[in-house]
Amino acid sequence: MLFSSNFNIPKERTAAPSGGSSFWSLAFSRFLSRYCTKNDLLFVGVAQSSCGGLYKLLKMHYNIKRVYVKTAIFGQGDIMIKHLSGDHETVEYDEKKYVMFYDNYDNEAYPVHWHDAVELIMPLKNEYIVNVAGRDYHIPENDVLVIPPCELHSMPAVKGRRLIFQCDNSVLGDVPALEPIMRGLSAPLIISSSYDREIHLIAKKAMLDIMPLYSSRSELADVKIYMKVIELFMALRELQLRRQKVMMDCPDDKIDEYSEKFGTVLKYIDNNYMYDISLEQLAAVAGYSKYHFSRIFKQYNSMSYLQYINARRTKAAESLLLDPDIPITEVAMRAGFKSLTTFNRVFKEIKHCTPTDFKKLYEVR
């Protein structure tokens, strides 16, 4: 396990915290002594399952707030948490790869963290629990949890085995042609047979197929992996649209019309969220009266146009809050909020914390 820190640790701090076991004494003595000799890079010869505990003790007893962690999955040779700084995990993909895949037997709690990657988790043995944005998701064996990027999440210690997949969100999110399917990843989702049998089979097969592809040396391996991920997300979005059609109770040609019209409207919002956007403007973009537009938009998107605008502005604010040089007031203005009061209220409704708390939690120290 590799730890590196930008904080200077005095050489006299070579004793483990009082009350620690002989294991921790050995771990800390190795950690601190090797830090002094290797400066920024140090190797500690402890098991992967001790990663979370050692990380917490370092923060508590040595006041180290920035710890980067690399750990090998026990018996697998993959890397679980590559870089954890505060609560922010930087997913460092292997050389020439844009995905990470873990066959994970770890029985250790992972602290609250977030990353820019889309994450899929499928337990193979025993149920697994993931807390996302304060809500516990209990994942039965062979079901798949989808965690959208930038969601604060943690995992308690659970015995068993699970497959964990992460992929570079920029590969998916920055491609305009994929925007329609990425809209379906607005919230965490457990894909089970009760959710939809066909989608569940696609998700399970995708995870099992990705495993050998990840270890393959083929130059097309990543391409094939992304094709399976896109196939899954496309199937999810198609299911969402089918269910919307049932709820709206209208013919196919009308659904196609709404799809085209609201696709244009959503792009307009994405390009203009930082400015004032009125109902009249959006209705004009769609070519509907404002009353018809407001009603149909909510039916089609499962949220009002104001909720969508606020969600888009909040997403923009997330990125701005990570910049320590931008004051929160400026973040609010640049994200399109008219006042700091409105920004605080809307942000807390969506992210379940204030912008100030978010900045502290997500800040890369």
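Just so you know, all these numbers are worked out from the coordinates, no wet-lab data involved. The structure displayed is predicted, hence computed values, not measured ones. Neighbour counts run over all protein chains shown; Cβ positions are idealised from the backbone, glycine included.
Some values worked out for this structure:
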read-out	value
Extended-chain gain in nm, criterion 0.36 nm per residue less alpha-carbon gap, Ala109 and Lys315	71.3 nm
Net charge of Cβ neighbours under 14 Å - reference Ile255; Lys, Arg +1; Asp, Glu -1	-1
Residue-span extension gain [Lys290 to Thr356] - 0.36 nm each, minus C-alpha spacing	20.2 nm
Coil-residue trypsin sites (Lys or Arg not before Pro) of the range 139-212, DSSP, other Cβ within 10 Å capped at 10	Lys159
Cβ-Cβ FRET estimate between Arg242 and Glu179, R0 fixed at 25 Å, reported to 0.05	0.85
Sites matching trypsin sites (Lys or Arg not before Pro) across the range 310-347 that sit in DSSP coil, with at most 11 neighbouring C-beta atoms within 10 Å	Lys338
Kirkwood-based shape ratio for the range 200-305, expressed as Rg/Rh from alpha carbons	1.15
Peptide ranges 118-124, 215-221 listed from the most packed, as the mean C-beta count within 10 angstrom indicates	118-124, 215-221
Filter on Lys338/Lys360; Lys125/Lys205; Lys205/Lys351; Lys159/Lys204; Lys125/Lys348 - keep pairs with C-alpha separation over 26 Å	Lys205/Lys351; Lys125/Lys348
Stretch gain in nm, segment Asp325-Asp136, where the contour uses 0.36 nm per residue and the Cα spacing is subtracted	64.6 nm
Computed over the range 118-175, the ratio Rg/Rh where both radii use C-alpha atoms and Rh is Kirkwood	1.00
Long-range amide H partners of Tyr137 with built H, under 5 Å	Val130, Asn131, Val132
Tail fraction, Cα-Cα pairs, the range 246-365, threshold 19 Å, whole percent	51 percent
Derived scalar couplings ³J(HN,Hα) [the range 331-338; Karplus, 6.51 cos²θ - 1.76 cosθ + 1.60; whole Hz; x for Gly, Pro]	4, 4, 5, 5, 7, x, 7, 6
